[in-house]
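One structure coming up, written as structure tokens, with questions to follow.
The values are calculated or read from the model by the stated rules, or taken from the named source; none is laboratory data. These figures come from a predicted structure and were not determined experimentally. When we count neighbours, we look across all protein chains shown, and the Cβ atoms used for this are built from the backbone with ideal geometry, even at glycine.
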Amino acid sequence: MNATPQEMPRRRQARTAGPSGNYWYAVELERNLKPGEVRKVRFWKQDIALYRTADGSLHAVEDRCAHRQLALSKGFVEDGNLVCSYHGWKFDGCGRCVEISHELGSGRSQLPKIRLRHYPVQVRWGFIWLFPGDPELADSVSLPHIPQLECAEPWPFFPIDVTIKAHFSMIVENVCDFNHEYLHRHKRPFVKPTLRDWKREGDAIRVYYDTRFNEGAVAKLFMEKGARDLKDIEIWYDYPYQGSDIGGKYIHWLFMLPEDERTTRCFFVFLFGPIHIPLVNWKMPEVLRKPILWITNKAYIEPLLAEDQWALELEQEGFERHPDSAQIELNPAIRHFQKLTLEKWEEYSNPLAAEAG
Ligand code: FES
Ligand SMILES: [Fe+2]
């Protein structure tokens, strides 16, 4: 007899759990969707056609034509509507069929009463955010709070957009757990990280490590002397977002878009406070800050993330080959990440059971 989901080992449950839809998810870089363009994005096995009208407004509807289920993302944008490429049925941003122009449709007094699912969207920090869950809740749910981007002079950054063929719970465990420093042994961004503490606060788990930056070339070149000495790091899984902070000067955020059980699109934001001019230790002029951040991403951060991607995709394959093998886990925080993922999925997918439990 097959095990029910509740009887599976927690690792297996976590590796198949979905994300709660009642949060805002970054689904696309704003610059990737010009006026008049449509793109497919995916949230947990649901395809969504995201489009921008000529006046710049954004809409998101289920990616299927109500006529014969062709993907609307293969259609085009016209007069603020999305047009299916097959018979030309037109849908507005609320998913209503507003025009059938072919011979059997044009004379009709009434159009079919169709309402495709549509989703709230908004733009912030260069990302398009979508609320896949209960639309009634969208206005009451906030985006993550990022003081460095909400101030008068937001810190510049270049988003990194990478799709990893792994379940999102694995990615959380990778970025929150410094015990995989061995993987980065040739780059060694941090020296001897030691888990100091961890705690759960509401729907967030915070983990603290003692460590310090490696005195490598990148650090020596661009970090202020004091900043190089920072030695503790806080990492969080503040559901459904992940991030870290080193002394308020080096911050990262990861906005995950779980597409399915083995695919997660990841939008990374790396925020670097002071950058100094080598040798003289002067603050870098703003005009040079952006090119340096871009070079740092390309030369250092992206290759580092490529190592994580390599390991995570192998871990996913390993899980699929051995789904019921026991998890031997040394980091006490990991099971709490998994517990949080499962709780939020239960709460979203089975609210009555979650309340009763
Ligand atoms: S399938 Fe879309 S209009 Fe016919
Ligand atoms: Fe890593």
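With the structure loaded, tell me whether T163 is more than 20 Å from I334 (Cα to Cα), modelled with pLDDT of 80 or more, in the same structural domain as L293 (by TED's automatic domain parsing) and in a strand (DSSP E or B) or whether it fails that test.
On the way: more than 20 Å from I334 (Cα to Cα): yes; modelled with pLDDT of 80 or more: yes; in the same structural domain as L293 (by TED's automatic domain parsing): yes; in a strand (DSSP E or B): yes.
Answer is yes for this residue.
Given the conditions (1) within 16 Å of ligand 1 (Cβ to nearest atom); (2) among the hydrophobic types (A, V, I, L, M, F, W, C); (3) over 22 Å from S140 (Cα atoms), report the number of the one that A14 does not fulfil.
(1)
Pull up segment 136-160, narrow it to residues that are outside any helix (DSSP H, G or I) and among the small types (G, A, S), then point me to the one that is nearest to ligand 1 (Cβ to nearest atom). Working first, answer last.
Filtering segment 136-160 for residues outside any helix (DSSP H, G or I) gives 141-146, 151-160.
If we keep only those that are among the small types (G, A, S) as well, we get 142, 152.
Values: S142: 37, A152: 48 Å.
Per the stated criteria, the residue is S142.
Now for a different question. Output the number of residues of segment 48-80 satisfying the condition of being touching a residue at least 24 places away in the same chain (Cβ under 8 Å) and within 18 Å of Q122 (Cα to Cα).
Residues meeting the conditions: 15.
Looking at P303, P323, P332, which is the one that is more than 25 Å from W253 (Cβ to Cβ) and either assigned by TED's automatic domain parsing to the domain that holds R262 or of a type in the set (A, V, I, L, M) (or both)?
Values: P303 fails: more than 25 Å from W253 (Cβ to Cβ); P332 fails: more than 25 Å from W253 (Cβ to Cβ).
That would be P323, the only listed residue that is more than 25 Å from W253 (Cβ to Cβ) and either assigned by TED's automatic domain parsing to the domain that holds R262 or of a type in the set (A, V, I, L, M) (or both).
Using the structure shown, decide if D134 is in contact with a Ser or Thr (Cβ under 9 Å, 6 or more places away or on another chain), more than 16 Å from ligand 2 (Cβ to nearest atom) and either in the same structural domain as G36 (by TED's automatic domain parsing) or farther than 20 Å from I48 by Cβ (or both).
Working: in contact with a Ser or Thr (Cβ under 9 Å, 6 or more places away or on another chain): no; more than 16 Å from ligand 2 (Cβ to nearest atom): yes; either in the same structural domain as G36 (by TED's automatic domain parsing) or farther than 20 Å from I48 by Cβ (or both): yes.
So D134 fails the test.
Could you check, for segment 125-137, whether at least one of its residues is crowded, with 18+ Cβ neighbours inside 10 Å and either free of Cβ contacts under 8 Å to residues at least 60 places away in the same chain or of a type in the set (D, E) (or both)?
Among the residues of segment 125-137, not one is crowded, with 18+ Cβ neighbours inside 10 Å and either free of Cβ contacts under 8 Å to residues at least 60 places away in the same chain or of a type in the set (D, E) (or both), which makes the answer no.
Just checking, does segment 58-69 include any residue being under 17 Å from the mean Cα position of the chain (by Cα) and not assigned by TED's automatic domain parsing to the domain that holds E317?
First pass over segment 58-69, keeping only residues under 17 Å from the mean Cα position of the chain (by Cα): none.
No, that holds for no residue.
Within segment 264-357, which helices (runs of 4 or more DSSP H) (wholly inside it) include 1 or more residues that are surrounded by 15 or more Cβ atoms within 10 Å (Cβ to Cβ) and modelled with pLDDT of 90 or more?
Working: elements: 286-296, 302-321, 334-349, 351-356.
Ranges flagged: 302-321, 334-349.
Quick one: R11 ticks every box in (1) at pLDDT 95 or above; (2) touching a Phe, Trp or Tyr at 6+ places or on another chain (Cβ under 9 Å) except a single one, so which number is it?
Only one criterion is unmet by R11, namely (1).
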